[in-house]
Structure formats: structure tokens, C-alpha cells
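Engineer: Before we start, here is the structure in question, set down as C-alpha cells.
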């Protein structure tokens, strides 16, 4: 049975934007959508206290609101709702583990949505061994960012097949181009080279970087021949280059290295994208 797209719901504008994006993603993939709301009774506390009852009521009410909106707009989409008496982080990790994709609302600058209790969204993405998409509310309700899929790639890592595959599949489903970006930090002051056909005007390191990016993408170009690919190599600060590129993208796809010994945290580029990206950001874990 195909796994669903799962989205965390808390009634905030951020989570409702995430639900709208997740519904369209589920339709693109022709799979079901699962809505998850979490409420939690502290250890040792009675579930019958007014505080617990209010938390449970808010979770149910938030789900009902999201369900009504989505069912009015997506008549043929299978939508299922779940209320879990579990701390939000654990609820999201459990639900996401059974999903094709976990979608969370994000306020970007200023932190994550209320459901995510401050840093829970970033920690969930950092801990997850599955894809997580973070969605910010659009400036105008109903709007979704349009444009190519941005693949932010680090060719220095060799275990990014899952990242590249997700980006190509997303571009193919949306019938949009794929923009593959590799930004590398220069040894001296940051410089940005324009992408031109005159390769002889670029440094030896820049030309070598171009070649490595082309080699990394070549098998996927053959697998997805209908996806138009643009390759961009910039000698620039990676976090800034990737964040700037999201202003012209409909979806950004990034890999993040899962290192249990280092604790649940994102790298500099993923962290900057989560906080500042102008489009939804999908984080794909890799070794």
C-alpha cells in the first residue's frame, strides 16, 4: 500500500499553509493525505485536568478546521485525520516514519509554528531519517511559490543519490525545470562567477567543480530525459547563495548529513534555508 503524505496540524496559519501544500503534493503523487495533531498529558498528570482537556479540544478543533478546508478544495483526495496523545516531536517522528513525506508549517524568521514548540520543527527534521518539507504561509492565501525545483547540492559528498532523485522526481511531477546549484566557499574574499559558455574564463578549480556537478547529475539526466536541467556553480558562501536562489524557485531540495553523535542539529546551509527560504524547503537525510 502506498505510504501517504503526512502533515502536522496545530491550527496556526503556518500549519494550514503546510496542509494546503501537502494536499497538492499528495494529488501530484496520487496518494493519500494524513493530518496529525498532537496533544500531550505531562508524565504523572491526569488526562482529565482542565489543561489536558483544553489541549485535546484544541487539537481536535484544529484538525476539523483543516479537514473542512481541504475537503472543500480537494474532493477526490483521500484525507485521514489522527489525534495523538504524544509530545509533538515524538508524534511527528512516528507519523513521518510511516509516510512518503512529512510536511510541517514554518514561520521562517522568528521560529517555527506553535505546534513545533520553538525548535521542535528543526529538531524533527534533523532527527528524521525520512524527507521533511517545511512550508511558510504565502503572502496571499491560496498562493504557492512558482518556479523551477532548486537542487542545492554539495558535490564533495558522495552519498546524495536520494537527494538528487527526490529533486528530479519533484521536477518531473511538476513539469518544471531543475536548477542544480553548487556553491563552494573560496579561500579568499567571496566572489561570484557568472555562468557563461566561456569556460576558459573561469579558474581551474571552478572548471573542475563544473565537471563534478555534471558527472553527479548525468545518470539522473538519462533517467529523466524530459526534465530540463540548469547547472550553476558559484564561488560564494553556500548558505547565502542557496537562500538567494530560493527567491526564484517553487521548491528547494537540500540534503543534510545525519550524524547521531553530533546531536539533532542541521548544518549551516540547511539551517539558513529553513529560516530564510522564500519557497518550501525539503530536507533529505543522507549519511
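Engineer: For segment 150-160, indicate whether the set of residues that are surrounded by fewer than 24 Cβ atoms within 10 Å (Cβ to Cβ) and closer than 20 Å to residue 25 by Cα is non-empty.
Structural biologist: Taking every residue of segment 150-160 in turn, none turns out to be surrounded by fewer than 24 Cβ atoms within 10 Å (Cβ to Cβ) and closer than 20 Å to residue 25 by Cα.
Engineer: Here's something else I'd like to know. Kindly indicate whether any position in segment 175-182 is modelled with pLDDT under 95, farther than 16 Å from residue 29 by Cβ and either part of a strand (DSSP E or B) or out of contact with any helix residue (DSSP H, G or I) (no Cβ under 6 Å at 6 or more places or on another chain) (or both).
Structural biologist: yes
Engineer: Scan (1) closer than 24 Å to residue 285 by Cβ; (2) modelled with pLDDT under 95; (3) in contact with a strand residue (DSSP E or B) (Cβ under 9 Å, 6 or more places away or on another chain) for the single condition residue 235 breaks and write down its number.
Structural biologist: (1)
Engineer: Could I ask something else about it? Residue under question is residue 207, and the condition is that it be assigned to a helix (DSSP H, G or I), modelled with pLDDT under 85 and more than 24 Å from residue 272 (Cα to Cα); does it hold?
Structural biologist: Criteria met by residue 207.
Engineer: Could I ask something else about it? Out of 81, 138, 126, which single residue is at pLDDT below 90 and either more than 19 Å from residue 162 (Cβ to Cβ) or in a loop (DSSP other than H, G, I, E, B) (or both)?
Structural biologist: Matching residue, one of 81, 138, 126: 138.
Engineer: When segment 69-78 is examined, which residues are found to be free of Cβ contacts under 8 Å to residues at least 12 places away in the same chain, out of contact with any strand residue (DSSP E or B) (no Cβ under 7 Å at 6 or more places or on another chain) and part of a helix (DSSP H, G or I)?
Structural biologist: Of everything in segment 69-78, just one residue is free of Cβ contacts under 8 Å to residues at least 12 places away in the same chain, out of contact with any strand residue (DSSP E or B) (no Cβ under 7 Å at 6 or more places or on another chain) and part of a helix (DSSP H, G or I), namely 72.
Engineer: Across segment 257-286, what is the total count of residues that are in contact with a strand residue (DSSP E or B) (Cβ under 7 Å, 6 or more places away or on another chain) and either modelled with pLDDT under 85 or in a helix (DSSP H, G or I) (or both)?
Structural biologist: The qualifying residues number 9.
Engineer: Moving on. Can you say whether residue 12 is in contact with a helix residue (DSSP H, G or I) (Cβ under 7 Å, 6 or more places away or on another chain) and either in the same structural domain as residue 173 (by TED's automatic domain parsing) or modelled with pLDDT under 90 (or both), as far as the supplied structure shows?
Structural biologist: yes
The values are calculated or read from the model by the stated rules, or taken from the named source; none is laboratory data. These figures come from a predicted structure and were not determined experimentally. Cβ sites come from the backbone with ideal geometry, for glycine too, and all protein chains shown count toward neighbours.
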